[in-house]
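Below you'll find the structure, written out as structure tokens, and then a few comments.
The values are calculated or read from the model by the stated rules, or taken from the named source; none is laboratory data. Nothing here was measured: the structure is a model prediction, and the numbers come from that model. Cβ placement follows ideal geometry from the backbone for every residue including glycine, while neighbour counts extend to all protein chains displayed.
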Amino acid sequence: MTKLTATIAVLAALVCCAGAFYWAHGLGSSPRISKALQPAKVAAAASAVPKNVGASLQPAPSTVAEPGKAPSASSEATIPFHAGEVLEFAADVAKLSNVANLRLQIVDRRNFFGKNAWHLQAFARTENPLRMMFELDDQFDSYSDATTLASLQYEMHLNERGEKQESIQRMTTTGADHAAANATQTRVVAGTRDPLGLMQYLRTVDWEKVREVRGPVYDGHKLYDVRAAYAGAAGSIAVPAGNFAASKIDLRVFGAGVELKDAHFTLYLASNPMRTPVLLEAVMPFATARVALVKMK
């Protein structure tokens with residue numbers, strides 16, 4: 001994969017999951033078995049395996065770690081976002097400004113095969129002059145549990161350089177969940193989130209009380225262990241949408257029990273009741289990226 005393709009893939013991942021993933025392989029690559037994740041003090045996690053590939057192990061679910069207390073999950077009472085919310089971002093890479101426009105939105109809350117779920121969406125689009133070299137119009141959809149934001153179904157609708165690719169994966173921990181005819185059942189760990197669900201989940205955490213959260217995240221190709229840690233108050237963060245007092249959250253990503261050392265990600269959440277994501281920063285081997293909030297409604 002070229003550096004340009006990798007950069008765009010990373011930007012798409014950034015907007016979907018608060019910069020949690022560094023995609024080492026191109027979008028639309030063939031699904032394959034991922035190795036187990038074995039982070040410290042967490043039971044061995046299983047690969048996310050399509051149903052027709054084989055069975056997986058049953059690892060520990062995603063957890064919220066609070067010193068001195070047992071892990072706890074999100075509750076609907078702590079959900080800071082609402083149906084109809086739209087967040088628009090502009091992405092800068094290295095010295096190039098506004099190379100892509102990114103949009104996150106909360107479509108609605110609905111019944112999804114008998115489960116109460118949020119329908120989450122993200123869109124990534126390259127802008128000129130980069131668009132003349134690399135045209136990208138990608139859409140991501142997530143149906144995530146309304147309480148825990150665990151993934152129920154994750155969709156990638158990719159349109160890059162005129163080549164379209166579709167992936168609809170119905171998450172299951174047992175292999176017995178219903179899936180539409182055009183969807184593939186994907187065996188995951190209980191509590192696994194997809195990138196969109198992870199982004200919104202991080203907003204539900206009370207970072208004044210909880211210093212670290214961790215859990216499995218499936219990006220459509222691989223299963224990762226993601227750890228997000230509170231790094232203190234960030235002061236006033238200036239972005240095109242305005243100035244925001246914000247909390248700084250550092251994200252570390254582990255694959256097969258090994259931390260990805262060649263990339264670093266930081267998320268800034270506004271200190272408002274919505275805990276709005278206002279800035280995403282990524283430092284990668286070939287470039288740095290800054291994804292800043294432009295507009296919200």
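Below is a table of values for the structure above.
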read-out	value
When residues of region 82-134 are limited to those that are at pLDDT below 95 and at positive phi, the one surrounded by the fewest Cβ atoms within 10 Å (Cβ to Cβ)	Gly114
Checklist (1) more than 21 Å from Asp141 (Cα to Cα); (2) in contact with a strand residue (DSSP E or B) (Cβ under 9 Å, 6 or more places away or on another chain) applied to Asp262, failing item	(2)
Subset of region 271-293 [part of a strand (DSSP E or B) and surrounded by fewer than 16 Cβ atoms within 10 Å (Cβ to Cβ)]	Val283, Thr288
Some residue of region 191-198 being modelled with pLDDT of 90 or more, assigned to a loop (DSSP other than H, G, I, E, B), of a type in the set (Val, Ile, Thr) and crowded, with 23+ Cβ neighbours inside 10 Å	yes
Positions within region 167-190 being in a loop (DSSP other than H, G, I, E, B) and either more than 17 Å from Lys222 (Cβ to Cβ) or acidic (Asp, Glu) (or both), in sequence order	Thr173, Thr174, Gly175, Ala176, Asp177, His178, Ala179, Ala180, Ala181, Asn182, Ala183, Ala190
Any hit, region 142-158, residues being assigned to a loop (DSSP other than H, G, I, E, B), farther than 28 Å from His82 by Cα and either touching a residue at least 40 places away in the same chain (Cβ under 8 Å) or among the small types (Gly, Ala, Ser) (or both)	no
Region 251-289, residues that are within 25 Å of Ser97 (Cβ to Cβ) and either at pLDDT 90 or above or in contact with a Cys (Cβ under 8 Å, 6 or more places away or on another chain) (or both)	Leu251, Thr266, Leu267, Tyr268, Leu269, Ala270, Thr276, Pro277, Val278, Leu279, Leu280, Glu281
